[in-house]
There are 2 protein chains.
Amino acid sequence: MLGLMMQTPLLLSSILMHAARSFPDVEIVSRTPDKPDHITSYSGLLERSSRLANALDSIGIKPGDRVATLAWNSYRHLELYFGISGMGAVCHTINPRLFVDQIIYIINHAEDAVVFFDLAFIDLVHSLMPQCPTVEAWIYLGEAGDAKIVGAKGFPSYEGFLSGCSEAYAWPEFDENTACGLCYTSGTTGNPKGVLYSHRSAVLHSCAAALPDACRISLDDTVALVSPMFHAMSWGMPYCATATGSKLVMAGQNVDGESLHRLFEDHGVTFAGGVPTVWLGYVRYLQSAGVKPTTLNRALIGGTACPASLMETLQDEYGVEVLHGWGMTETSPLATISKPLRKHMTSSRAERRSRQVKQGRALFGVEIGIRDGNNRKLPHDGKAVGDLVVRGPWIARAYYKMPESERADGWFFTGDVVTIDSDGYMQVTDRSKDVIKSGGEWISSIELENLAMAHPEIVEAAVIGIAHPKWDERPLVLAVRRQGARLEAQDLLTFYEGKIAKWWMPDDVLFVDELPHGATGKVLKTKLRELYGNRDSA
Amino acid sequence: MLGLMMQTPLLLSSILMHAARSFPDVEIVSRTPDKPDHITSYSGLLERSSRLANALDSIGIKPGDRVATLAWNSYRHLELYFGISGMGAVCHTINPRLFVDQIIYIINHAEDAVVFFDLAFIDLVHSLMPQCPTVEAWIYLGEAGDAKIVGAKGFPSYEGFLSGCSEAYAWPEFDENTACGLCYTSGTTGNPKGVLYSHRSAVLHSCAAALPDACRISLDDTVALVSPMFHAMSWGMPYCATATGSKLVMAGQNVDGESLHRLFEDHGVTFAGGVPTVWLGYVRYLQSAGVKPTTLNRALIGGTACPASLMETLQDEYGVEVLHGWGMTETSPLATISKPLRKHMTSSRAERRSRQVKQGRALFGVEIGIRDGNNRKLPHDGKAVGDLVVRGPWIARAYYKMPESERADGWFFTGDVVTIDSDGYMQVTDRSKDVIKSGGEWISSIELENLAMAHPEIVEAAVIGIAHPKWDERPLVLAVRRQGARLEAQDLLTFYEGKIAKWWMPDDVLFVDELPHGATGKVLKTKLRELYGNRDSA
Ligand SMILES: Nc1ncnc2c1ncn2[C@@H]1O[C@H](COP(=O)(O)O)[C@@H](O)[C@H]1O
């Protein structure tokens, strides 16, 4: 028997309209280089998203069409999020840091009908255009006048496109499972794969992410969008902040430590999410400039394993609570978060530290499990190590146009190697492709990295497996020293002693000037393996 | 085009399993008169709910069957919530304070197959039994031994029913729109009407209620279930607390001020929800005993208009933040809540007070509007007064077995008369049936009541319209004086002067020893109108 409750669908347009009704004058700030901050509000967002939807209608965009963005975080990008998805089309956010060939592949695979781009990407667009036959319009995110400056003459401008369009738009009601966004994730092998979010998944994820035991987002918050809007929809934060009526601050292109600090201080930011590299840059700036954050009180850190030292600095020196989260493009992305349980209130500092480097417990709505190589369930005892599997309403079922990627058992296999303890705390020991297999056993590259980064003279470290004739693979540490440090390889190895099993001891340490980072700020281990993986170890 | 996210349904069994996985050892405490507190945990709840589901299976209960409860708040009632709904049957919570005839009507209308009852209701059950032919089993919530004490011999006991049943149960996955609970709301006219909640509505409501800008429920909380589990599923709090892993404290039958204070102090309660009468009793006890709450930090108040003085006492004298909410059985129940916006941070005390007596802004997910007598939309300007309409995924679409109650326009008409301002703050001025119509204009009975209760000598007040030959109706105040007070009718009328329009001035004030309260703790205006409504006013 079915209940007799309303069938109101969960739609992104409802989030937008809720914000315009309940928080009409709450500010949305966008920082762009060389210009004063742009300020609008949720009622402004509704107005302009409505104009955009009318404009898209007028050029024949239909529900289900893919409309792409190639842009940094800004109010216009936010309008694209709501305008495109709200009318029933699919907002496809392209990562501009991918290789040109990957972008071409993605646009053609998605069959994008329109691409909206920042003028910063004009050269990129010129190289894409001849290769992307499905795109009927390339529209730059600016005023008609901006074009002349940078030579985008001939392209229509976003403001021109919107001008003359009505501010009234009747947002259609449709199935909440309708696709709202498309985001390609670039595996290390093969072509990028598209994750096709639905309105339902986006709304449920926003709600779960805002909960007190997750990111605790409220109307008292000022949320900075630091993680790029082309990376898993900026971790869902644009939707989450709009739904709760937080003040929104869009970081734009510059997310170095100094820029972030200025931005946070100028606008009273209380919450931001970013990858460890971004937070490392922020902390390094605070330290070198001898300044402190005055309004920031929470930092969501995820996307790659977070060194304990970074968490401690943020918490103990700057009073910023660290929320260590885990997720993937395929999980919308927030799936687990590390928050102490009430029984941990009396934990020692060391216990707190060792718990916080774990990736945390499943958000309400998400279920996690571990499988061995034969797809058998492993126990949640904090010891058994295996493949992490996930399921829930905001987890991908299959990749776009890859029906064969759908699994019959209903779980998503993450490719992460983890343990889960009896309170549900999950800890990533490795990406399955980064695991170091030595003499038939596994060595966790993440644990070795975290230890290295706990050394006061080390700024960043990555550990890869290098070929070994007897043991198959042995660990090699690649590390960036703090400026002026005089640490030698042997010192770091000595530092490891007593902290790890003997056979985990890295075979060598190489100091480098910097580590290569991918498009979303993560260390590119593929690149490191290319460069160092075949170095003889003996 | 549909998205490619998992179709995991939103089910109450997922809440239960999430709690058992993530908060296995968090406590669930139940207080019963004359016995030590009963303590279990979320893993215990899962175990026993599973045994219950197996037991119901064994007597042939099928998905969709209605299984009723006639009980106070306790761990067994909580097991019934999850066990019955989790297996796909409908948990029908009966309000034992209704008239026997109403209960008989309800059981027959619902066609309940089983009734689980507290031994306290044994006499009631005896009078119901002959009149309720659909009920195949009456099972009392106790041990086999308990029966002898109170003469329920012959009835099966709950513990006997569960014993021998397996603790393993494979909770079925089904459509999230499946009915999970049934709650009859007793209108003042006609028969009670059944609201049929769905798993989807219950899960979404829990999530929205837990959000930081609503009740802010987290795993750090100890939530007391004070509002009865037969009143709109105890305001959804059993689900909400389980989903977030809060410690749960079930108040049982005694919710007088002293019992509540003891309960809160004994178990470190941080949050509880209740009607104003309950909170009035609590505050009166604190005052007379000269004690203060040491752990309670939030009180959700709703169900009927809340006097400003009560809110102020709780906040200013006892440091308890008041969350003023509005809802109905038909709205799951939480639909609006009064929380200051960030621009209100600098408000004066008077402004804060006048905003807090409002019922607040729509929760994320709920939409509210006002209609005039011709079903035309009225503006949200804080002035236009009309019928409140609501919609959203946890609002009733129709009543059980009353298909004619479903409206084509998709809105639910609440029967409350309200204003809504430009920030979305809704204020109830009356129930439409309580509005006092004087000379063709409306007088708000709630405003007159709130003013009366702001008088330091008045404990509780109700205002009704009494027949008047010239003006149709005129206001009459019925008030309970503080013990020992020497206030006279004229004093109160003088107190009104300057605070209301002249023509709103009540015609008279009658002091009574107490006001009649209905089954859910609200003042029974029907009763007052019966007693005093035809009194000549002139
Ligand atoms: N905060 C509140 N202020 C005034 N009236 C309220 C409030 N909350 C609930 N009510 C009344 O209670 C009714 C619902 O009753 P019930 O379904 O029995 O819970 C609503 O229609 C309102 O008239």
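Throughout, read-outs are computed from the coordinates displayed, never taken from laboratory work. These numbers were taken from a predicted model, which means no experiment stands behind them. Ideal geometry is used to build each Cβ from the backbone, glycine not excepted, and the neighbour counts take in all protein chains shown.
Across the residues of B:116-127, average count of Cβ atoms on other protein chains within 10 Å?
That average works out to 0.
Along the Cα-to-C-beta direction of A:HIS517, a point sits 7 Å from the Cα; which residues of the stretch A:231-266 have their amide N less than 14 Å from that point?
Answer for the stretch A:231-266: A:253-261.
How many angstrom lie between the C-alpha centres of the stretch B:333-412 and the stretch B:441-501?
One Cα centre to the other: 26 Å.
Using the Kirkwood radius built from alpha carbon pairs, what does the Stokes-Einstein equation give as D for the stretch A:337-438 at 37 °C and 0.692 mPa s, in µm² per second?
It comes out at roughly 221 µm²/s.
Just tell me which lysines come within less than 29 Å, Cα to Cα, of A:LYS153; anything on the same chain fewer than 8 places away is out.
The qualifying lysines are A:LYS35, A:LYS62.
Need one word for the stretch B:392-485: rounded, prolate or oblate. Basis is the Cα gyration tensor (sqrt eigenvalues a ≥ b ≥ c); a/c below 1.5 gives rounded, then a/b vs b/c decides.
Verdict is prolate for the stretch B:392-485.
Amide H to amide H, which residues 5 or more places from A:SER227 or on other chains are under 5 Å from it, using H placed in the peptide plane?
Residues meeting the amide H criterion: A:GLY273.
Residue-wise, which Karplus ³J(HN,Hα) couplings in Hz belong to the stretch B:220-225, taking 6.51 cos²θ - 1.76 cosθ + 1.60, θ = phi - 60°, and x for glycine or proline?
7, 8, 10, 9, 8, 8
Consider just the alpha-carbon atoms of the stretch A:268-366 and return their Rg together with their Dmax, both in angstrom.
13.6, 42
Which of rounded, prolate, oblate describes the stretch B:204-261, given a ≥ b ≥ c as roots of the alpha-carbon gyration tensor eigenvalues and a/c under 1.5 marking rounded, otherwise prolate only if a/b is larger than b/c?
Here the stretch B:204-261 falls in the prolate category.
With helices defined as uninterrupted DSSP H runs, which ones in chain A have an alpha carbon span along their own long axis of at least 20 Å and mean Kyte-Doolittle hydropathy of at least -0.5?
Helices meeting the span and hydropathy rule in chain A are A:42-58.
Using the Kirkwood radius built from alpha carbon pairs, what does the Stokes-Einstein equation give as D for the protein assembly as shown at 25 °C and 0.890 mPa s, in µm² per second?
Roughly 79 µm²/s, to the nearest whole number.
Going through the stretch B:140-205, which chymotrypsin sites (Phe, Trp or Tyr not before Pro) have at most 16 other Cβ atoms within 10 Å and a DSSP loop state?
Those that pass, being in a loop and sparsely packed, are B:PHE174.
Which FRET efficiency value, to the nearest 0.05, is calculated for A:LYS401 and A:ILE59 with the Förster distance at 30 angstrom and r the Cβ-Cβ distance?
Here the calculated transfer efficiency is 0.75.
Please give the peptides B:446-453, A:143-150, A:527-534 ranked by average Cβ packing (other Cβ atoms within 10 Å per residue), highest first, as a rough proxy for protection.
In decreasing order of mean packing, B:446-453, A:143-150, A:527-534 become B:446-453, A:527-534, A:143-150.
Per-residue ellipticity at 222 nm for chain A, helices alone: DSSP H runs ≥ 4 residues times -39500 (n - 2.57), over residue total, nearest 500 deg cm²/dmol?
One gets -8000 deg cm²/dmol as the mean residue ellipticity at 222 nm.
So, in nm, how far is label B:GLU136 from label B:ARG97 when the simple model puts each one 7 Å beyond its Cα toward the Cβ?
That separation, rounded to one decimal, is 3.4 nm.
With θ taken as phi - 60° and the coefficients 6.51, -1.76 and 1.60, list the Karplus ³J(HN,Hα) couplings across the stretch A:357-363 in order, rounded to whole Hz; mark glycine and proline as x.
Karplus-based 3J(HN,Hα) across the stretch A:357-363 equals 6, 5, 7, x, 9, 4, 4 Hz.
Among the trypsin sites (Lys or Arg not before Pro) in the stretch B:335-431, which ones are in a DSSP loop with at most 15 other Cβ atoms within 10 Å of the Cβ? Mind listing them?
For trypsin sites (Lys or Arg not before Pro) across the stretch B:335-431 that sit outside H, G, I, E and B with at most 15 neighbouring Cβ atoms in 10 Å, the list reads B:ARG376, B:LYS383, B:LYS401, B:ARG407.
Ratio of alpha-carbon Rg to the 2.2 N^0.38 Å globular estimate for the stretch B:149-291, to two decimals, please.
That works out to 1.26 for the stretch B:149-291.
Could you give, in nm with one decimal, how far A:GLU514 is from each other copy of that position, shortest first, with labels 7 Å out from Cα toward Cβ?
7.6
Hey, could you pull the Cα Rg and Dmax for chain A, both in Å?
My reading of the Cα-based Rg and Dmax gives 23.4, 72 Å.
Of the cross-linked pairs A:LYS502/A:LYS527; B:LYS383/B:LYS522; B:LYS377/B:LYS499; A:LYS343/B:LYS247, which ones have a Cα-Cα span greater than 18 Å in the structure shown?
A:LYS502/A:LYS527; B:LYS383/B:LYS522; B:LYS377/B:LYS499
Output the antiparallel fraction of DSSP beta bridges having both residues in the protein assembly as shown, as a percent to the nearest 5.
55
Can you spot the aspartates and glutamates whose alpha carbon is less than 17 Å from B:LYS292's alpha carbon? Ignore those fewer than 8 places along the same chain.
B:ASP256, B:GLU258, B:GLU265, B:ASP266, B:GLU312, B:ASP316, B:GLU317, B:GLU321
Going by the alpha-carbon gyration tensor, a ≥ b ≥ c the square roots of its eigenvalues, is the stretch B:27-67 rounded (a/c under 1.5) or, if a/c is not under 1.5, prolate (a/b greater than b/c) versus oblate?
Judged from the Cα gyration tensor, the stretch B:27-67 comes out prolate (a/c at least 1.5, a/b above b/c).
I need the Kirkwood Rh of the stretch B:1-110: take the reciprocal of the average 1/r across all distinct C-alpha pairs and report it in angstrom.
15.8
What's the average, rounded to a whole number, of partner chain beta-carbon atoms within 10 Å of each residue's beta-carbon in A:391-398?
For this peptide, the per-residue mean of nearby foreign Cβ atoms is 4.
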